[in-house]
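The values are calculated or read from the model by the stated rules, or taken from the named source; none is laboratory data. Small disclaimer: the values here were computed from a predicted structure and weren't measured. As a convention, Cβ positions derive from the backbone with ideal geometry for all residues, glycine included, and neighbour counts pool all protein chains shown.
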Amino acid sequence: MINQETIIALATPTGLGAISVIRISGLNAISITEKLFKSKGNKKLSNQNSHTVHLGHLIKNNHELDEVLVTIFKGPHSYTGENTIEISCHGSTYIQQEIIDLFIENGIRVANPGEFTLRAFINGKMDLNQAEAVADLIASENEGSHKLAMEQMKNGFSNDLKKLRAELLHFSSMIELELDFSQEDVEFAERSEFKKLTVRIQNELEKLIDSFKSGNVLKNGISVAIAGKPNAGKSSLLNTLLNEDKAIVSDIPGTTRDSIEDSLVIDGINFRFTDTAGLRETKDIIESKGIEKTKEKINNARILIYLFDSNDTTFSEISSDLKSFKRKDLSVLLVRNKIDIKNTNQKLITELEKFELIEISANNSESVSLLKKRLVNEINILNPYTDTVISNSRHYEALMKALKAIEEVNVGLKSDISGDLLSVDIRKSIEHLAEITGEITNDDVLGNIFANFCIGK
């Protein structure tokens with residue numbers, strides 16, 4: 001897929017700015033730049049050390065195009081592993097394009113999306129898991145997704161997979177050695193030890209697969225549905241959370257008939273809030289559709305804030321709603337609103353003592369801040385994984401396939417099947433693990449991954 005062509009692209013966002021950076025990578029990156037660049041001291045770039053910066057002018061048609069800083073990275077000590085030049089120029093869109101056109105005229109082509117990182121992968125500067133983490137890092141919009149991407153780039157996940165793969169390869173080779181000496185009736189692979197290994201690997205894979213749910217929500221945001229009876233204060237709560245009048249607030253029951261959504265970052269974690277239509281029996285066709293949408297939003301939510309006014313509900317109503325929403329992967333926060341209004345239903349409060357009740361006034365930002373803290377704590381409960389967390393759907397799919405193959409191996413070991421059949425399933429698991437790090441891959445997979453990158457990366 002990679003050829004010897006030298007490539008160029010704008011590495012900073014398009015548009016006006018104080019400074020823009022243009023990246024060039026390939027065998028001829030330094031030599032071509034040298035022809036077009038006149039340094040202040042008339043220094044030849046090819047004679048300069050790697051990781052040095054030089055001030056001068058880019059020359060086009062014997063005229064100074066721009067005063068620039070040229071940074072040299074000599075391969076293999078660069079991001080791509082190739083000779084690389086980064087040109088820091090003034091952030092005029094005209095200057096940016098003129099510089100890129102100048103280099104194109106001198107035999108350099110425009111880079112494809114993600115081609116710099118693809119070359120880094122091909123040249124062994126990073127594995128495929130780390131390359132994907134680069135894209136996640138660029139796309140991160142909050143502390144939670146940023147931390148996930150940084151952990152992936154540290155390569156701990158890849159190293160764990162390589163260890164598992166190496167252990168499987170060892171036993172696979174022992175089993176295949178037995179097949180070569182089948183007539184000698186010898187056993188090179190200790191079956192009891194192999195059983196322990198496959199059980200341990202199965203447990204590790206299951207743990208990684210289970211972490212995907214948590215990793216995915218941290219990466220894409222935690223969906224939070226706000227539900228309850230009409231006039232419970234759902235819209236007021238959303239407005240206070242967002243610190244803006246996002247939802248219409250009215251004393252008329254059924255005002256909110258459609259879902260209203262917005263996001264908020266709390267302690268580095270992105271929460272996607274949905275204010276839903278009030279839950280009640282109604283003959284109004286439009287309101288009924290809104291309530292159906294409410295139920296859909298709750299079904300898709302990770303956290304449910306069930307809001308109620310103690311003066312306007314009963315224990316049986318709350319119990320019935322909570323029972324209907326009960327789901328293993330749904331965390332429910334029971335929130336009593338309007339604590340600034342005198343409670344006339346002490347019986348309900350007594351009945352709710354067995355629940356962990358959160359009490360707020362939806363119009364009071366200080367009161368709602370307690371709910372925000374609880375939401376963050378809830379994420380810590382939902383995400384118990386202290387080690388590796390999976391957030392990439394491609395990795396998840398490969399791990400699922402690897403797990404299936406390992407399960408087949410364990411079944412085979414219990415059934416005492418022949419070594420040649422065991423070897424097939426072991427090889428399948430090894431291959432699926434290798435797909436994650438890119439030790440085994442193909443051009444189609446690489447094309448799909450890097451097509452989603454920005455051009456300058």
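Name the residues in the stretch 205-241 that are farther than 28 Å from Leu433 by Cα, modelled with pLDDT under 85 and surrounded by fewer than 23 Cβ atoms within 10 Å (Cβ to Cβ), would you?
Residues satisfying the conditions are Lys229, Pro230, Asn231.
Of all residues in the stretch 388-437 being in contact with a Ser or Thr (Cβ under 6 Å, 6 or more places away or on another chain) and not hydroxyl-bearing (Ser, Thr, Tyr), which is surrounded by the fewest Cβ atoms within 10 Å (Cβ to Cβ)?
Among those residues, the one meeting the criterion is Asn410.
Which of the following residues is buried (at least 16 other Cβ atoms within 10 Å of the Cβ), touching a strand residue (DSSP E or B) at 6+ places or on another chain (Cβ under 9 Å) and over 30 Å from Ile436 (Cα atoms): Leu58, Leu69?
Exactly one residue qualifies, and that residue is Leu58.
Name the pairs whose Cβ atoms lie under 8 Å apart, with the first residue in the stretch 417-431 and over 21 Å from Ala398 (Cβ atoms), the second acidic (Asp, Glu) and modelled with pLDDT under 85, and 6 or more positions between them or separate chains?
If the second residue must be acidic (Asp, Glu) and modelled with pLDDT under 85, the pairs left are Gly419/Glu176; Gly419/Glu178.
Of the residues in the stretch 99-121, how many are crowded, with 16+ Cβ neighbours inside 10 Å and assigned to a helix (DSSP H, G or I)?
Of the residues in that region, 11 qualify.
Could you give me the residue pairs with C-beta distances under 7 Å whose first residue belongs to the stretch 349-361 and is farther than 16 Å from Thr313 by Cα and assigned by TED's automatic domain parsing to the domain that holds Val335, whose second residue is at pLDDT 85 or above and acidic (Asp, Glu) wherever it lies, and which are 6+ apart or on separate chains?
Final answer for the pair search is Ser361/Asp340.
For the stretch 284-383, which helices (runs of 4 or more DSSP H) that fit wholly inside it have 3 or more residues that are under 17 Å from Pro230 (Cα atoms) and modelled with pLDDT of 85 or more?
Details: elements: 285-300, 315-325, 346-351, 365-382.
Fully inside the stretch 284-383 and qualifying: 315-325.
What tally of residues in the stretch 62-75 results from selecting those that are at pLDDT 95 or above and in a loop (DSSP other than H, G, I, E, B)?
Summing the residues that are at pLDDT 95 or above and in a loop (DSSP other than H, G, I, E, B) in the stretch 62-75 gives 1.
Restricting attention to the stretch 242-258, report how many residues are modelled with pLDDT of 60 or more and in contact with a strand residue (DSSP E or B) (Cβ under 7 Å, 6 or more places away or on another chain).
The qualifying residues number 1.
Does Ile449 satisfy the criteria of being touching a strand residue (DSSP E or B) at 6+ places or on another chain (Cβ under 9 Å), part of a helix (DSSP H, G or I) and buried (at least 18 other Cβ atoms within 10 Å of the Cβ)? Spell out how you get there, then give the answer.
Details: touching a strand residue (DSSP E or B) at 6+ places or on another chain (Cβ under 9 Å): no; part of a helix (DSSP H, G or I): yes; buried (at least 18 other Cβ atoms within 10 Å of the Cβ): yes.
When the stated conditions are applied, Ile449 does not pass them.
Quick check on my filter: what residues within the stretch 30-55 are charged (D, E, K, R) and either more than 22 Å from Ile95 (Cα to Cα) or exposed (fewer than 15 other Cβ atoms within 10 Å of the Cβ) (or both)?
Taking the stretch 30-55 and keeping what is charged (D, E, K, R), we get 34-35, 38, 40, 43-44.
Residues satisfying the conditions are Lys35, Lys38, Lys40, Lys43, Lys44.
Quick one: would you say Thr33 is touching a residue at least 24 places away in the same chain (Cβ under 8 Å), closer than 22 Å to Ala131 by Cα and not in a strand (DSSP E or B)? Before you say what the answer is, go through the steps one by one.
Numbers: touching a residue at least 24 places away in the same chain (Cβ under 8 Å): yes; closer than 22 Å to Ala131 by Cα: no; not in a strand (DSSP E or B): yes.
No; evaluated as a whole, the condition is false for this residue.
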